Amino acid sequence: MTDTALTVQQTARPTGFPTPDHFRFAESPVPEPAPGTALVENLYWSVDPYHREMMDEHFELNAPLEGRTLGRIVATRDPVALPEGEIVFHRQGWRTHAVVRPEEVRRLPHHDGVPLSAYLSVLGGTGLTAYVGLTRIARLREGDDLFVSAAAGGVGTATGRFARLLGAGRLIGSAGTPEKVRYLTERVGYDEAFDYHSGPVADLLAEAAPTGIDVFVDNVGGEHLGAAVGALRERGRVVRIGTVGQYNTPEAPPVLFNHADVVEKSLRIEGFLVSNHRDVQEELYEFAVPRLLSGALALDETVVVGFERIVEAFLLMLRGGNTGKILVRAADRPHG
């Protein structure tokens, strides 16, 4: 194990898209665990759209950034609760090493044959967001037709795969490039997909779903949300997950749609925070793990190798450069 620890710190508040100049890498000695704690050497890091929103006012400047992370306990002062060698999930993210208390970690279940990266993608917060959105917020019914924005991202691919396994009807997705559109229809199981750069979203959605939709899973907001409200059938549901399309464009115009539709079609628009649904985690494992092992459920991941590339991976994600969940893997960590 190296003697030097690295952390990523935010140095300034961005206006519009962040740049590498908004971050710095800080070196320090690897910390020593105090009694009742353990030292974790991190193996996988998650970069997520919500980090961009946190940069505006929530992340403390010149302090290590938080984030979802998987690591191995390499030294412990509490061998019962934090045994050496155990792989744990924690949120002291953008750093190579972290000192954690038992209440700050979740020990991972041992599912032979499941790649470790899955616990940050389809079995982690990304997959939990998709699963909660479909089962708790949309209350998906067999045969429901879905439209998903940012469908080629981590939550979008997980939503498509889960919806198919849950008995959804037609799946329609939007993405930002022709290559992602093909990935959705050829690999993920979407029936129809379109590049939202190729025309007004309302027109593209009307062409893809001429008879309407029952559920809209929204990761973007903006024009997508307005188009979906118009396309929803009676008692349609909107699941609001994020507004990534506006994180870097605060001057974006407000969403326009016919507000009378909400009443006349008895629509329901509901957002949620996945942090309020941690009780569904075991249910997600029960649903997803057997399907991963059987091959019925696949992983959609973009993996960037090397902690020194974590800022690069974050900026790549914000510009839509990933397909599926984007993760950073330690350079000396074997794949899997």
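Computed from the coordinates by the stated procedures, all read-outs in this text should not be read as laboratory data. None of these values were measured; they are calculated from a predicted model. All Cβ positions, glycine included, derive from the backbone under ideal geometry; neighbour counts span all protein chains shown.
I want to verify the translational diffusion coefficient of the stretch 125-275 in µm²/s; compute it with Stokes-Einstein, Rh as the Kirkwood radius over Cα pairs, at 25 °C and 0.890 mPa s. D = 164 µm²/s. In this simple spin-label approximation, ARG235 and GLU186 carry label points 7 Å from Cα along the Cα→Cβ vector, and these lie 3.9 nm apart. Quick one: Debye curve from the alpha-carbon atoms of the stretch 144-191 only, equal weights, vacuum; give me log10 I(q)/I(0) at q = 0.28, 0.29 Å⁻¹ to two decimals. Here log10 of I(q) over I(0) equals -1.01, -1.08. Would you work out which of ALA193, HIS224, LEU140 lies farthest towards the positive end of the dipole of the stretch 125-275, given +1 charges on the beta-carbon of Lys and Arg and -1 on that of Asp and Glu, about the Cα centre? My answer, from the dipole projection, is LEU140.
Simple rule: put +1 on each Lys or Arg Cβ and -1 on each Asp or Glu Cβ in the chain, find the dipole, and look at GLY167, LEU327, PRO178; the Cα lying farthest toward the positive end is GLY167.
For the stretch 67-153, compute Rg over Rh where Rg is the Cα radius of gyration and Rh is the Kirkwood radius from the inverse mean 1/r over Cα pairs. Reported Rg/Rh, Kirkwood definition of Rh: 1.09. Counting every other Cβ atom within 10 Å of each residue's Cβ, ARG170, ARG24, ARG237 order from fewest to most as ARG24, ARG170, ARG237. Between THR4 and PHE272, what is the FRET efficiency for a Förster distance of 35 Å, r being their Cβ-Cβ separation, to the nearest 0.05? For R0 = 35 Å, the calculated efficiency reads 0.30. Each of LEU292, LEU165, LEU61 has some number of other Cβ atoms within 10 Å of its Cβ, and from fewest to most they run LEU61, LEU165, LEU292. In the chain, Rg over Rh equals 0.99, where Rg is the alpha-carbon radius of gyration and Rh the Kirkwood radius from pairwise Cα distances.
Relative to the longest principal axis of the Cα atoms of the chain, the long axis of helix 154-165 lies at roughly 60 degrees.
Taking Cα atoms, how many degrees apart are the long axis of helix 281-294 and the longest axis of the chain, rounded to 10 and kept between 0 and 90? Helix 281-294 sits at roughly 80 degrees to that axis. Loop-located GluC sites (Glu not before Pro) in the stretch 221-316 (DSSP state other than H, G, I, E, B) with a sparse environment of at most 15 neighbouring Cβ atoms within 10 Å: GLU251. The stretch between MET54 and GLU179, if pulled fully straight at 0.36 nm per residue, gains 42.0 nm over its current Cα-Cα span. Of the beta bridges in the chain, as assigned by DSSP with both residues counted there, near 55 percent are antiparallel.
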